[in-house]
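*Asks:* Before we start, here is the structure in question, set down as structure tokens.
Read the figures in this text as sums done on the coordinates, not as results from a lab. Since we're looking at a predicted model, the values are computed, not measured. Heads up, the Cβs are rebuilt from the backbone with ideal geometry, glycines too, and the neighbour counts pull from every protein chain shown.
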Amino acid sequence: MSLKPFKAVIPAAGLGTRFLPATKAMPKEMLPVVDKPAIQYVVEEATQAGIHDILIIIGRNKNNLSNHFDSVPELESTLRKKGDEAKLAKVQQSSDLADIHFVRQGEPKGLGHAVLRARAHVGDHPFAVLLGDDLIDERDPLLTTMLEEHERTGAAIVALLEVEPSQIHLYGAAAVETTDNPDVVRVTGLVEKPSAEDAPSNYAVIGRYVLAPSVFDILERTEPGKGGEIQLTDALQELAADADGPGVRGVVFRGRRYDTGDRVDYIKAIVQLAADREDLGPELRPWFKDFAATL
Ligand code: G1P
């Protein structure tokens, strides 16, 4: 349906207060997950889905982020002189990944406001929004399925995960109807961080969205909602309620996802990913077992 290439928007302007003092002078998106900053996983996910134009919405401490995606000539020439090709490749990998742009959010007025800051750069392209707190395992492609679903239907696409009812208050929750495809649902309503009693289902919106640029007009007039912030969920609710439009659809994700949003989940993500790595796993796995036995 959309002939223009997709762009990607990565909001990275949060204050990261759960990780203080680590995030005092560094965005939380730069925290390492094993040996790569969290945001690099997200940028790689976008490029693996074929998106090469990426806009990062930045807040305080933006320099760390932009430096990470820039080349570092001194470091590169030192590694080249030493003949350390493996490390040189690692340094160059993040600067060669994609065409990365930055815009400042200014005030932290919510996810909807952050996404609206992308309007000038995105223009009239369809775009994906990727939140850095959710890491999706590269072996379980989600974004590609969402892009295809958007191209096929023109709908706004959210990624949905079935969570325990006790967890739904941490997410946007979706009211859904089934479709012919067991992995795709029609979203009939969305509510930001409801209590377990008020939640329309236990389908939680996780941090991947594929949107048409028309969402910007809605965001422009979206009033602050939950927590006094301009919520992307509220703009999507308007699309879901519009009977004449293409609506909102959910791709149900059943793969591996690592939440890095709070300290416990962040540590779990590192342990899981490190245990799975070919270079680190063989040494770590027996150690994890021994360590667990001491607990
Ligand atoms: C944001 C969204 C929420 C969504 C979540 C996914 O919340 O507002 O709807 O479920 O991301 O991670 P946040 O986690 O930024 O508070």
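*Asks:* Show me the ranking of peptides 221-229, 153-161 by mean Cβ neighbours inside 10 Å, starting with the highest.
*Replies:* Final packing ranking: 153-161, 221-229.
*Asks:* Give the span of the chain's Cα atoms along each principal axis, as three whole-Å numbers ordered largest to smallest.
*Replies:* 63, 48, 37
*Asks:* Angle check, please: helix 232-241 long axis (alpha carbons) against the longest principal axis of the chain (alpha carbons), in degrees 0 to 90, nearest 10.
*Replies:* Taking Cα atoms only, the helix is inclined about 30 degrees.
*Asks:* Tilt of helix 263-276 relative to the longest C-alpha principal axis of the chain, in degrees (0 to 90, nearest 10)?
*Replies:* For 263-276 against the chain, the angle is about 60 degrees.
*Asks:* Mind checking which lysines have their C-alpha under 16 Å from Lys109, skipping anything on the same chain fewer than 8 residues away?
*Replies:* Leaving aside lysines fewer than 8 places away in the same chain, those within reach of Lys109 are Lys226.
*Asks:* While we're on this one: How much of the DSSP beta bridge set in the chain is antiparallel, as a percent to the nearest 5?
*Replies:* Just about 60 percent of them are antiparallel.
*Asks:* With charges only on Cβ, +1 for K and R and -1 for D and E, what is the dipole size of the chain about its Cα centre, in debye, rounded to 20?
*Replies:* 920 debye
*Asks:* Then there is this: Given Cβ point charges of +1 (Lys, Arg) and -1 (Asp, Glu) and nothing else, what value in debye, to the nearest 20, does the dipole of the range 248-295 about its Cα centre take?
*Replies:* About 340 debye.
*Asks:* Compute the convex hull volume of the Cα atoms of the range 1-104, divide it by the residue count, and report the result per residue in Å³ as a whole number.
*Replies:* Values: hull volume 13.0 nm³, N = 104.
In the range 1-104, the Cα hull volume divided by residue count equals 125 Å³.
*Asks:* Now, a different point. I'd like to compare 140-149, 172-181, 67-76, 231-240: which one has the highest average count of other Cβ atoms within 10 Å, and what's the full order after that?
*Replies:* Details: 140-149: 18.3, 172-181: 16.6, 67-76: 13.5, 231-240: 24.3.
Ranking, from highest mean packing down: 231-240, 140-149, 172-181, 67-76.
*Asks:* Between the alpha-carbon centers of the range 5-30 and the range 231-295, tell me the distance in whole angstrom.
*Replies:* 16 Å
*Asks:* Across the Cα atoms of the range 189-282, what radius of gyration and what greatest pairwise Cα-Cα distance (Dmax) are found, in Å?
*Replies:* So, for the range 189-282, Rg and Dmax equal 17.4, 55 Å respectively.
*Asks:* Going by how many other beta carbons lie within 10 Å of each one, how would you line up Asp124, Asp259, fewest first?
*Replies:* Asp124, Asp259
*Asks:* Using +1 at the C-beta of Lys and Arg and -1 at the C-beta of Asp and Glu, which of Ala173, Ala86, Ser195 has the Cα lying farthest in the positive direction of the dipole of the chain?
*Replies:* Toward the positive end, the furthest listed residue is Ala86.
*Asks:* In the P(r) worked out for the range 23-165, what percent of Cα pairs fall beyond 22 Å?
*Replies:* Details: 4758 of 10153 pairs.
Above the 22 Å cut-off, the range 23-165 has 47 percent of its Cα pairs.
*Asks:* Per the Kirkwood formula on distinct C-alpha pairs, the Rh of the range 190-240 is how many angstrom?
*Replies:* With all distinct Cα pairs of the range 190-240 included, I get 11.9 Å.
*Asks:* Angle, helix 143-153 long axis vs. longest principal axis of the chain, Cα atoms, 0 to 90°, nearest 10?
*Replies:* With both axes taken from Cα atoms, the answer is about 30 degrees.
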